[in-house]
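Nothing in this text is a laboratory measurement; each read-out follows from the coordinates by a stated rule. None of the values given here were measured: they were computed from a predicted structure. We place every Cβ from the backbone using ideal geometry, glycine too, and count neighbours over all the protein chains shown.
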Amino acid sequence: MRIGLLNNLRAGRSNPQVRKILRLLKDYPEVAHIETTSVRSVPEALASLARQNVELLAVNGGDGTLQYTLTQMLTTDDFPSIPMVAPLRGGRTNMTAMDIGARRDPVKGLQDLMEDVRAGRIGDRLVDRPLLRVETLRDRQVHYGFFFGAGMIHRAIDLTHSIFPRGRSQGSFGAGIVTAGLIMKAIAKRRDGVLTPDKAQILLDGELVGAGEFTLIIASSLQRLFLKINPFWGVEEAPVRFTALASGCERTAAAAPGILRGKPRSFVGPAAGYTSRNVDVAELRLDAGFTVDGETIQPRSGEIVRISGDRRVRFVRA
């Protein structure tokens, strides 16, 4: 099996860790290895790896690097068939790699993976997952990823980047600190700044389920988010896990702990302003900006965003 490694040198991890990976690769000359210094060089790097017939692609970077890589692979014809993908925890935020089961140390994870490939025993590492396909209907831009957040989430990411310096604190720790603060403000019914409600119209599998102001709009195909939170409780068999909280939803202080665990209390439901369903397609009309795996898309008035789960990729734990 031909292994390739896309090594993002600007993903937020320290230079010593990058040097460790480069030293490790000297013992595995069979690995096709390309370093990138910005997302602009990723398309050319992927085209080169495709020409080398890579069947398993390890991605050393964070959620943003993985999101951009998957989008490029799924929206171009570079690869005759999509390779298996092994995300390494090599970036500032590594929510997807953590959910799939990657090791904390990306160097050790990569080494163990390459040894198992040499021995022909990667079967226990395989994980199939659906991806979110996020399309803006105005300009037909398509993004593939695992997490979508509109409005408050978009602003919270900007806030995290402004509070914490570039580095590890912008990862799960930084996101957790900011999110905890926002939850406390939401419980106190603050409705300003980052928590300003956003106007939106929401259709789930073609059914209008909400039109008005919302404090939270998120979707994911992951089983857990950062800090192991799981704010989804839909029971339908569908790939897109969707949750929306209307502005002024009832008894937020009592509801918050159960929502974060995906086990809401009995009063939490659409009548009280809480919606969570698993769907094939979610369509939003909104003025707010949004994010896909941490990559932010700026607000545009009257934007229509369609979220579906039309593709599955085979991942490999590293």
Open item on the list: No solvent, one uniform scatterer per C-alpha: report log10 I(q)/I(0) for the chain via the Debye equation at q = 0.06, 0.08 1/Å, two decimals.
Closed with: -0.20, -0.36
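For the stretch 234-288, just say rounded, prolate or oblate: build the C-alpha gyration tensor, square-root its eigenvalues into a ≥ b ≥ c, call rounded for a/c under 1.5, and beyond that prolate if a/b exceeds b/c, oblate if not. Can you show the working numbers first?
On the way: a/c = 2.29, a/b = 1.29, b/c = 1.78.
Oblate.
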Task: Within a Gaussian network of the chain (alpha carbon springs, distance under 10 Å), most fluctuating of PRO87, PRO16, PRO130 - done: PRO16
Open item on the list: Let me make sure I get this right: for the stretch 193-318, a, b and c are the square roots of the gyration tensor eigenvalues over alpha carbons, sorted descending. Under 1.5 in a/c it's rounded, otherwise prolate if a/b > b/c, else oblate. Which is it?
Closed with: rounded
- [ ] State the dimensionless ratio Rg/Rh of the stretch 55-106 (Rg: radius of gyration of Cα atoms; Rh: Kirkwood radius).
- [x] 0.98
Open item on the list: Expected output is a single nm value to one decimal: the length gained when fully extending between ARG118 and TYR28, i.e. 0.36 nm times separation in residues minus the C-alpha distance. What is it?
Closed with: 31.4 nm
- [ ] Taking the Cα atoms of the stretch 1-133, report the difference between the largest and smallest coordinate on each principal axis, in whole Å and largest first.
- [x] 32, 32, 27
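Just from its helices, what would the mean residue ellipticity at 222 nm be for the chain, if runs of 4 or more DSSP H residues each count -39500 (n - 2.57) and the sum is divided by every residue, rounded to the nearest 500 deg cm²/dmol? Walk me through the numbers before you get to the answer.
Details: 8 runs with 92 residues, N = 318.
Roughly -9000 deg cm²/dmol at 222 nm, from the helical runs in the chain.
Would you mind calculating the gained length between THR76 and ARG300 on full extension (0.36 nm times residue separation, minus the Cα-Cα distance), in nm to one decimal? Mind showing how you got there, number by number?
Working: separation 224, 0.36 × 224 = 80.64 nm, distance 2.63 nm.
So the extension gain works out to 78.0 nm.
So what is the relative contact order for the stretch 214-267, in percent, with contacts set as C-alpha pairs under 8 Å and at least six apart?
Details: 60 pairs, mean separation 23.3, N = 54.
It comes to 43 percent, rounded to a whole number.
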TODO: Would you kindly give the portion of the calculated P(r) for the stretch 82-125 that falls above 18 Å, as a percent of all Cα pairs?
DONE: 27 percent
TODO: Please work out how many pairs of lysine residues in the chain are eight or more positions apart (or on different chains) and have Cα atoms closer than 22 angstrom.
DONE: 8
Task: Selection from TYR68, ALA119, GLY90 lying farthest towards where the dipole of the stretch 24-126 points positive, charges on Cβ - done: GLY90
Open item on the list: Test of understanding: in a Gaussian network model of the chain with alpha carbons linked when under 10 Å, which of GLU303, GLU55, GLU115 would top the mean-square fluctuation ranking?
Closed with: GLU115
Task: Charge tally in the Cβ shell below 12 Å around LEU57, where Lys, Arg are +1 and Asp, Glu are -1, LEU57 excluded - done: 0
Open item on the list: Taking 22 Å as R0, compute the FRET efficiency from the Cβ-Cβ separation of GLU236 and LYS199 and round it to 0.05.
Closed with: 0.25
Open item on the list: Just to be sure I understand: with springs between alpha-carbon atoms less than 10 Å apart, which residue in THR96, THR196, THR291 has the highest mean-square fluctuation in the Gaussian network model of the chain?
Closed with: THR196
Open item on the list: Expected output is a single nm value to one decimal: the length gained when fully extending between ARG224 and GLU250, i.e. 0.36 nm times separation in residues minus the C-alpha distance. What is it?
Closed with: 6.9 nm
